[in-house]
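J.: Sharing a structure, written as structure tokens. Questions coming.
The values are calculated or read from the model by the stated rules, or taken from the named source; none is laboratory data. A quick note: this is a predicted structure, and the numbers were derived from the prediction, not measured. Cβ coordinates were reconstructed from backbone atoms using ideal geometry, including for glycine residues, and neighbour counts include every protein chain displayed.
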Amino acid sequence: GIQVEQSPPDLILQEGANSTLRCNFSDSVNNLQWFHQNPWGQLINLFYIPSGTKQNGRLSATTVATERYSLLYISSSQTTDSGVYFCAVARLRETGTASKLTFGTGTRLQVTL
Amino acid sequence: DSGVTQTPKHLITATGQRVTLRCSPRSGDLSVYWYQQSLDQGLQFLIQYYNGEERAKGNILERFSAQQFPDLHSELNLSSLELGDSALYFCASSVFGYAQGDTIYFGEGSWLTVV
């Protein structure tokens with residue numbers, strides 16, 4: 001199956017700092033989503049971004065599908081940004097269907113005062 | 001709020017018992033996915049239903065089963081529970097039957113503790 005690698009595995013930032021999280025995947029994908037899992041366990045959709053660039057407030061994401069990676073940028077980080085960030089992808093199988101997201105192992109972010 | 005509703009939020013049960021987790025998808029979504037998140041295995045896909053029919057199956061144990069009802073809600077049944085089944089179980093939903101090109105939204109999860 002498709003492999004999804006995220007880096008760094010852990011990240012500690014001071015409030016106000018910027019960061020870049022990376023997601024590499026091993027095959028062509030037709031779906032790529034970034035999620036934030038907060039300390040209470042909720043998985044929150046950040047972006048649906050199989051290609052291109054999107055921005056939402058202090059967060060932005062870029063996926064370069066031809067090179068099989070995606071980046072999540074967090075600017076002016078806040079303590080509420082703490083949690084685990086997951087990248088998840090879906091690959092088009094030979095039969096023409098793709099019915100599951102495969103998750104990376106995540107980047108654990110801690111933002112301190 | 002993603003619009004995906006899961007109940008119960010927390011559940012503690014004994015080994016050997018059976019539990020049922022319930023999921024209501026977002027309004028208009030026809031697909032339901034179940035995922036298991038444990039400390040050592042990460043987020044693992046279990047099974048997907050689309051409009052009442054099983055669409056894809058992942059690493060779901062034989063002790064586990066699921067179904068999607070005509071009103072599109074879904075239930076995940078876990079039986080003969082073992083300590084290792086303790087995990088956070090997520091339900092997710094999407095409009096179409098394929099993960100391709102379709103944003104998938106997750107519920108808040110059901111925390112299962114087996115003692």
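J.: So, in the range B:62-85, exactly how many residues are surrounded by 14 or more Cβ atoms within 10 Å (Cβ to Cβ), part of a loop (DSSP other than H, G, I, E, B) and free of Cβ contacts under 8 Å to residues at least 60 places away in the same chain?
T.: Looking only at that region, the number is 2.
J.: While we're on this one: Could you please find all residues in the range A:42-82 being within 20 Å of B:Asp102 (Cβ to Cβ), surrounded by 16 or more Cβ atoms within 10 Å (Cβ to Cβ) and small (Gly, Ala, Ser)?
T.: Once the filter is applied, which keeps residues that are within 20 Å of B:Asp102 (Cβ to Cβ), surrounded by 16 or more Cβ atoms within 10 Å (Cβ to Cβ) and small (Gly, Ala, Ser), the range A:42-82 yields A:Ala61, A:Ala65, A:Ser70.
J.: Then there's this: Give the residue that is modelled with the lowest pLDDT, with candidates limited to residues of the range A:52-96 that are within 12 Å of A:Val29 (Cβ to Cβ) and part of a strand (DSSP E or B).
T.: A:Ala90
J.: Just need a number here: residues in the range A:57-82 that are touching a strand residue (DSSP E or B) at 6+ places or on another chain (Cβ under 9 Å) and at positive phi.
T.: Matching residues across the range A:57-82 total 1.
J.: Which condition from (1) part of a strand (DSSP E or B); (2) within 19 Å of A:Leu101 (Cβ to Cβ) is the one that B:Glu108 breaks?
T.: Among (1) part of a strand (DSSP E or B); (2) within 19 Å of A:Leu101 (Cβ to Cβ), B:Glu108 violates only (1).
J.: Follow-up. Given (1) in a strand (DSSP E or B); (2) surrounded by fewer than 21 Cβ atoms within 10 Å (Cβ to Cβ), where does B:Gly28 come up short, assuming only one miss?
T.: That leaves (1) as the condition not met.
J.: Same structure, new question: Just give me the residues in the range A:24-37 being at the interface with chain B (Cβ under 10 Å from one of its Cβ atoms) and closer than 17 Å to A:Gln78 by Cβ, in sequence order.
T.: Result: A:Gln37, single match.
J.: Looking at (1) in a strand (DSSP E or B); (2) modelled with pLDDT under 95; (3) more than 9 Å from every other protein chain (Cβ to nearest Cβ); (4) surrounded by fewer than 20 Cβ atoms within 10 Å (Cβ to Cβ), can you tell me which one B:Gln44 breaks?
T.: Here B:Gln44 meets the rest and fails (3).
J.: I've got another one for you. Looking only at the range A:38-47, filter to residues that are modelled with pLDDT under 95 and within 11 Å of chain B (Cβ to nearest Cβ); which one of those is nearest to A:Val111 (Cα to Cα)? Working first, answer last.
T.: Within the range A:38-47, the first condition is being modelled with pLDDT under 95, and the residues that meet it are A:38-45.
Within this subset, residues satisfying the condition of being within 11 Å of chain B (Cβ to nearest Cβ) are A:38, A:40-45.
Working: A:Asn38: 12, A:Trp40: 16, A:Gly41: 17, A:Gln42: 18, A:Leu43: 18, A:Ile44: 18, A:Asn45: 20 Å.
That would be A:Asn38.
J.: Which of the residues belonging to the range A:97-113 are modelled with pLDDT of 95 or more and not in a loop (DSSP other than H, G, I, E, B)?
T.: A:Thr107, A:Arg108, A:Leu109, A:Gln110, A:Val111, A:Thr112
J.: Could you check, for the range A:22-37, whether at least one of its residues is free of Cβ contacts under 8 Å to residues at least 12 places away in the same chain and surrounded by fewer than 20 Cβ atoms within 10 Å (Cβ to Cβ)?
T.: For the range A:22-37, residues free of Cβ contacts under 8 Å to residues at least 12 places away in the same chain and surrounded by fewer than 20 Cβ atoms within 10 Å (Cβ to Cβ): absent.
J.: Read through the list (1) more than 21 Å from A:Gly41 (Cα to Cα); (2) at pLDDT 95 or above, then give the number of the only condition that B:Tyr50 fails.
T.: That leaves (2) as the condition not met.
J.: Confirm whether B:Val95 is crowded, with 17+ Cβ neighbours inside 10 Å and of a type outside the set (S, T, N, Q).
T.: The answer is no for B:Val95.
J.: Restrict the check to the range B:15-22 and report whether at least one residue is at pLDDT 95 or above and among the aliphatic types (A, V, I, L, M).
T.: yes
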